[in-house]
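> I have a structure I would like to understand better, so I am pasting it below and will then ask my questions one at a time.
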Amino acid sequence: MNIIGIDVSQGESHATLITEEAEKVAFKFKHNKSGFQILNSYIRSNTIIIFETTGVYSAQLTAYLKSKKVKFYELNPLEAKLRMASLRRNKTDKNDSFKLALLGATQLTEIKNHCNKQSALPYDSLRILSLRYKQLIKCRTRILNFLRSSLELTFPELNQIFKKAYAVLALQAFRMYCHPDFLAGLTLKEMTNRVYQFVSRRIHKDVIQSYCAQVWLAAKDSYPAVPADSLEIEIISEYCDEIESYNKEIAYIQAN
């Protein structure tokens, strides 16, 4: 049995082949058609390939091996780290590919029992959902940062009051009262009732009143950098809509 350990990087991988005769051959290949042809030249009918799951970076390799019906095992990164801990000395791509191959040669039975094995469609779907979830969180965080920057211009105290700016109550407060002038002439009770109309099904009124009280009091002493008719107000509303859209998709993935 031949074992190939692969240390996957972005666009390129380093690999080490350990043959049945205990010979060691190091090589590298790119994640494209010509690169996979190089990998294929080292594969025999009795070859097993071992590598760490690295998200999008290992996706092309996984797809290629499946298409060629090559037997392979993807190690969970944490498991790979623990298994290689006693072997790890110097961190280099070639060195890690050798250690992965060595794990396959010496611990194959254990790896079969603990690693993420190919072929299961539910696992593929789960991985796609996991990648999408990470992308959504990253995109939402980017918009949240833009939103907080805009609030610093219109009503900076809101950033201190609402620690989770993506929450339902926070987004509604930003839409309705992202400038202290919007609270002029309103009593705390009137403000609370207005917000309650939009979020009452999901949040208890006492919680709404508590946050509204903080916003209402902060508005009395706030000094915004832009007027209430600034274009920044419309931009904040658009940010809130975008974040809410991300929230819905994130919630859908979490439910599945």
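> Label points 7 Å out from Cα along the Cβ direction at residue 241 and residue 149: separation in nm?
Result for the modelled spin labels: 2.1 nm.
> Note down the net charge around residue 180, summing +1 for each Lys or Arg and -1 for each Asp or Glu among other residues with Cβ under 10 Å from its Cβ.
Every neighbour counted, the sum reads -2.
> Moving on to the next point. Among 110, 232, 12, which one moves the most in a GNM of the chain with springs linking Cα atoms closer than 10 Å?
110
> Leaving out same-chain residues fewer than 8 places away, which lysines sit with a Cα under 17 Å from that of residue 138?
Those lysines meeting the cut-off are 164, 248.
> To continue, here is another question. Please list, in order along the stretch 187-196, the HN-Hα scalar couplings obtained from phi with the Karplus expression 6.51 cos²θ - 1.76 cosθ + 1.60 (θ = phi - 60°), rounded to whole Hz, x for Gly and Pro.
Ordered by residue, 3J(HN,Hα) equals 7, 4, 5, 5, 4, 4, 5, 5, 5, 4 Hz.
> So what's the net charge close to residue 135: Lys and Arg +1, Asp and Glu -1, counting the other residues with Cβ under 12 Å from its Cβ?
Its environment carries a net charge of +4.
> Still on this structure: Mind computing the radius of gyration and Dmax over the alpha-carbon atoms of the chain? Å is fine for both.
Cα-based Rg and Dmax for the chain come out at 27.1, 86 Å.
Only the coordinates and a few stated rules stand behind these numbers; no lab work does. Every value quoted in this text rests on a predicted model; they were computed, and no experiment measured them. Here Cβ is always computed from backbone atoms with ideal geometry, including for glycine, and neighbour counts include all displayed protein chains.
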